[in-house]
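Taking it in order: structure first as structure tokens, then the write-up.
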Amino acid sequence: MSNGKQRSAKFRKPMKTALVLALASMTLLAACSSKSDKGADGGANGAGERVTLKVEVFDRGNSPAGATITDNYLTNYVQESFGNPNNIKVEYVPVPRSEEVEKLNVLMASGGNVPDIVFTYDPNTFHRYAKQGGLLDVGPLLDEHAPNLKAFLGEEVLQYGVYEGTQFAIPAKRSNVGKYASFIREDWLEKLGMPVPTTTDELYETLKAFKEKDPGETGGQVIPFGMTIASAQYEPLIWSFIKPTTEEEAFTLTQQLGSNDYPTLLPGFKDALQFMNKLYNEGLISKDFALDKDKKKMGEDIANGKIGFYSEDDVNPFYDNGSLDTLQTNIPGANLKPIDVFQNSEGKYAKPMYAPNGMYIMIPKSSDRAVEAIKYLEWMASEDHLFHMQNGVEGENYTLEGDIPVAIENPSEEALNRMFNSGDMAIISNGKQLGSMEKNLEARALQFPKPFYDQVQEAQRIANTDTFAPIVLDRPIEAQTKYGTTLLEKFNEMIVATTMAKPEQFESTYEKMLNDYMKSGGQAILDERTALYKELNG
Amino acid sequence: MSMGAYLRRYWQLYALIALPLAYFIIFKYGPMYGIQIAFKDFNFFQGIGGSEWIGFEAFREVFGMRDFYITLRNTLMLNFLDLLVSFPAPLILAIMLYEMKVVWFKKLSQTILYIPHFISWVIIGGIVLQVFGTQSGMINNLLASFGIEAIPFLTDKYNWLVTYLIVGVWQSAGWGTIIYLAALTGINKELFEAAGIDGAGRFRKIWHITLPGLKPTIVVLLIMNLGHMVSIGFERPYIIGNMAVREFSDVLSTFVYRIGLESGQYTLATVVGLFQAVVGLIFVLGSNYISKKLTDESIL
Amino acid sequence: MREQTANRVFDTFNFILLLVCTLLCLAPFLHLLAISLSSSRPIISGEVSLWPVELTFEAYTKVFSDSSMIRSLGFTVMMTGVFTVLCMLFTIAIGYPLSKRLLKGRKTLMFIVVITMFFSGGIIPEYVLVRNLQLLDSMWALILPGLINPFYLIILVTFFSNIPDSLEESAEIDGSSHFRTLISIILPLSLPVIATLSLFYAVGRWNGFTDTLMYITSPELYPLQLKLYQLIQNNMITDLMQMEGTQMKLVVPESLKAASVMFATVPILIVYPWLQRYFVSGVMLGAVKG
């Protein structure tokens, strides 16, 4: 045999030894140093010793060239304006946006690298951490260090962060609570000489006309009512069928699954499903609506001019290069009119609105930097810091008209990239805050292409009309935390199954699904909420 | 021979095993204490050690959930169907490729056939909707132009099963051929010539030479598949599945995702995982035993 | 004569069937390619099928000028390379002894391996282990935990077992050590399966990203698939994300997503054609005679 083979055999041995040594030494190192993480910069931030504050940040994978999610204009701004004067090094810990709950769970459970500031949109996660004793009571800290923050958020918002009497989270403040509006093809109405529908019945007639007369000349492909399995598409319709209830009924029968209230047990829900069933069987909504999980298909159909009417998050159609923009490019003369059409039995266009809070900001109990964390949030709520983080540089990102920032028409690439993560950095607020809802809405409308300004304002107005707030419970319902995600699936499944059922099978399908729903936790939630109501009201 | 003589002769083999074994112990058996979570009321902050012991309570809870049995049934059903359809497909495809005489086409198609394996399921989901959708899917549009009524490929649960299988084959068959093609290189080509002289046609050659040559590979893969009867990937049922066919598309992996990961109930998720592990192990040992008796091939 | 016609018919059918299958597999790829080269208007309107509409290279310009993508590509290639080599070394190292029936403790070892195919500790203990080994946020967190895939190991053992004992025995008679037999006889005979398993390991690492979600926080170490995942998942709207309202709406253009998919997929696609040369028979033939 040649030498080559001998050499390679010989080579394997020392390599193996090296590997063994490497592994062994790593294990040894680990055993020694795993404890020392926390000790590194322990103690209070006194006597000029620089400490590190770790803050979670969502990573959406959209960092522009030259910046990363942990090193960009805004992170540098924070370091200069807050970190340096306070002798704090601010370090950002990125968490992929779509895995935020899972990764946060793992971080919290493994106990080692938890950032000093974490947050989540999921109230169940917040409650779970609070219940299991992992969060710091921030009440006293807020009182001592954060007067501006408290003033900014207000009692109502702060209340959402209270768990069993203790302030365990600092909720962000939402700048606008309107959710939904509906939209109709104005040009189609004009072509058919029909008025804008203002009630559900009128809408029905209009939809039928859309289907029969096909004003959009789609060659039979018209979809009168754009529908998907996302809540924005069906909530305005469903809630309008809910009959008036007493306060007690509303409290006990409503089911809060995830972060929203659902009407499964409220009177009138069955009628809503019946109406959906009618729409489906008469070909007024897409046969594939149940498959459209991300609204992508509906978006295509809108842009193609196939859809005549739909409900949506109030300003969604108006983005640059969004649905309306593309629709108008494809079909000159097309236009969407924001309307309010789902009228309930009291004549109101009842729709849900957001709770006034946004994210739940929390400080883990194990954190040594609680004071610094609160100071950071306080800094953000002070002076013009939040304003700067949300709007950028005057003259480059916006101009001031009165006291409302108006986005500059064609900002430079640099200016644009500056703000790529502003929403995720300005954690104490959801949306731009200018002091009043009116101003907030104005600023929001100005973020959209100028030609759509009026429509955006109208959509916002509609989204804030006849709204009702989620029901506030002073403590979380166990059954809701436990069965929430399962029941949410079943709720959606119920809508799909009853809508797609043949008319003669509607009843049996409805009964079967409701039964399953109740058995899977719906009954448990009902019982718990009923008991809670009795307890609170004697 | 004595132990001493045995070791002197074969020490090199054990030297080779040393590091890989260390790997298994550190990285696979090391974390196994996590299985305890199934028996504890897991508290994130007290950790596994500090959480309270609840014995089989979580098991009772999971086994009492109606959804558990439905998802278990679906898992078995989908896996069984896959065994019938997706298991033979790569084999057949590999043989077809092996028999392909046009060399440039053979090489080109091998590469193209496994492209679907690389497309992420999120994207495949979009494509499936475009192709199989009822309202405006490609196939139904084609049918409509012939005046045929639309077929709900995705919204009728039985049709969905077929669609699910087809998409599965499309996604995995090409990739699955690779292992078979590797195995086929080990077949002595002279055997084919000899058989040809004896008057055997193409199909007989395949039956008597090619397939037997592939037997060890087929058996090993089959045993693996049977062992994983109660496990199922997350992505295919989740992405291809939808609300209309949830009765069939909800499987153990989506069930675990829902109750465990989305609501942080790690105990329940671990319970299901443990159940799958135990059953899977039994299946593998069982099929291994049967295989040994029937075909003389086995893993253990 | 009849045999020739029968053969021809068989070959023709075979060709046609394969052609159909090949086209079916190529179509979605062409579709993605088309999207990556089209402008946003036709994409949003659903006009693009297999051919670009309103051709533009904008998406690719963006991808190639994004230094983080390029860096990620480099990192991913290196990581995948190191991973594959190490995996194969470890797998072969234990695979060869396991294939020898006379090895004492073989059954036990196999059992130990098979158990790991089913039982695992779960994300949290695994995360804790990686953290305790100080591997968090490093390339090794993505390499070490996956060094041996039990499934692939079993395949390798099966292949090794099917190499005729006579070959090994004659080598031993010639005075070869086990190490040398492994390297000079077994490995050359097993090139196809080694090439196959290398491919499997490489592709598995290239495509996988769930562990990267957990273990990597520094953007410089984001593998390509993770960046891709973020781009695509950006628009998956769940009820949870609805809570954000319309706060964050930097919609990633479909063409950019498609171009990124191309960027992340094409490199690994070309590995197999390159490896095809190892799928040769003939090595077996000569050996049996001796």
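Since every read-out is calculated from the coordinates, none of them should be taken as a lab result. Note that the structure is predicted; figures quoted are calculated from it, not measured. Note that we place each Cβ from the backbone using ideal geometry, even for glycine, and neighbour counts take in every protein chain shown.
Structural remarks
- Exposure proxy order (Cβ contacts within 10 Å, fewest to most) of C:Ile270, A:Ile285, C:Ile216: C:Ile270, C:Ile216, A:Ile285
- Value of Rg to Rh for the protein assembly as shown (Rh from inverse mean 1/r over Cα pairs, i.e. Kirkwood): 0.98
- Result for chain B in a Gaussian network model with C-alpha springs under 10 Å: among B:Arg236, B:Arg60, B:Arg246, the largest mean-square fluctuation is at B:Arg60.
- Chain B - Rg over Rh from alpha carbon coordinates, Kirkwood radius: 1.05
- A:Phe119 long-range amide H proximity, modeled H, under 5 Å: A:Met362
- In order along the range B:186-193, phi translates into HN-Hα couplings of x, 8, 5, 5, 4, 4, 5, 4 Hz, rounded to whole numbers, per the Karplus curve 6.51 cos²θ - 1.76 cosθ + 1.60 with θ = phi - 60° and x for Gly and Pro.
- When the pairs B:Lys189/C:Lys104; A:Lys296/C:Lys62; A:Lys295/A:Lys337 are compared against a 27 Å limit on Cα-Cα distance, B:Lys189/C:Lys104 fall above it.
- A Förster distance of 35 Å, applied to the separation of the beta-carbon atoms of C:Gln276 and C:Met78, puts the FRET efficiency at 0.90.
- Estimated FRET transfer efficiency when R0 is 60 angstrom, pair A:Thr245-C:Ser49 (beta carbons, to 0.05): 0.75
- Two-site label geometry, B:Tyr14 and A:Asn86: point separation in nm, points 7 Å out along Cα→Cβ: 6.2 nm
- Between the range A:340-404 and the range C:81-111, the alpha-carbon center distance in angstrom: 57 Å
- The slack in the chain from B:Thr295 to B:Ile151, taken as 0.36 nm per residue of separation less the alpha-carbon distance, amounts to 47.5 nm.
- Phi to ³J(HN,Hα) by Karplus 6.51 cos²θ - 1.76 cosθ + 1.60 over the range B:176-185, Hz, x for Gly, Pro: x, 5, 4, 5, 5, 4, 5, 5, 5, 5
- Sequence of C:Tyr201, C:Tyr60, B:Tyr29 once ranked by neighbouring C-beta atoms within 10 Å, starting from the fewest: B:Tyr29, C:Tyr60, C:Tyr201
- The mean sequence separation of alpha-carbon pairs under 8 Å and at least six residues apart, normalised by the residue count of chain A, gives a relative contact order of 21 percent.
- Around C:Ala59: net Lys/Arg minus Asp/Glu count, Cβ-Cβ under 13 Å: -2
- Modelled this way, with points 7 Å down the Cα-to-C-beta line, the labels at B:Glu57 and B:Phe105 are 6.7 nm from one another.
- Relative contact order (%) - the range C:64-289, alpha-carbon pairs under 8 angstrom, separation at least six: 30 percent
- Whole-angstrom gap from the range A:405-454 to the range A:105-123, using each part's C-alpha centre: 29 Å
- Whole-Hz Karplus values for the range B:2-9 come out as 6, 4, x, 5, 4, 5, 4, 7 Hz, taken residue by residue from phi with 6.51 cos²θ - 1.76 cosθ + 1.60 and θ = phi - 60°; glycine and proline positions read x.
- Amide H contacts under 5 Å for A:Tyr398: A:Val393, A:Ile408, restricted to partners 5 or more places along the chain or on a different chain, H placed in the peptide plane at 1.01 Å from N.
- Likely footprinting exposure, C:Asp66, A:Asp454, A:Asp384, A:Asp59, fewest C-beta neighbours within 10 Å first: A:Asp384, A:Asp454, C:Asp66, A:Asp59
- Remark: mean inter-chain Cβ contacts per residue of C:11-22 equal 5, using a 10 Å Cβ-Cβ cutoff to other protein chain atoms.
- Long-range amide H partners of A:Leu53 with built H, under 5 Å: A:Lys89, A:Val90, A:Glu91
- CD proxy at 222 nm, helix term only [per DSSP H run n ≥ 4: -39500 (n - 2.57); per residue of chain C; nearest 500]: -20500 deg cm²/dmol
- If you take all other residues with their beta carbon under 11 Å from the beta carbon of C:Pro219, and give Lys and Arg +1 and Asp and Glu -1, the sum is -2.
- Whole-Å semi-axes of the range C:64-289's equivalent ellipsoid (Cα gyration tensor): 42, 21, 14
- Taking Cβ atoms as reference points and 14 Å as the exclusive limit, the residues near C:Ile173 contribute a net charge of -3, counting Lys and Arg as +1 and Asp and Glu as -1.
- Pairs beyond 24 Å (Cα-Cα), from A:Lys213/A:Lys287; A:Lys278/A:Lys482; A:Lys375/A:Lys432; A:Lys208/A:Lys270: A:Lys278/A:Lys482
- Projecting label points 7 angstrom from Cα along Cα→Cβ for A:Asp516 and B:Phe192 puts them 5.2 nm apart.
- DSSP-defined beta bridges in the protein assembly as shown - what % are antiparallel, rounded to 5: 60 percent
- The slack in the chain from A:Asn537 to A:Lys337, taken as 0.36 nm per residue of separation less the alpha-carbon distance, amounts to 67.5 nm.
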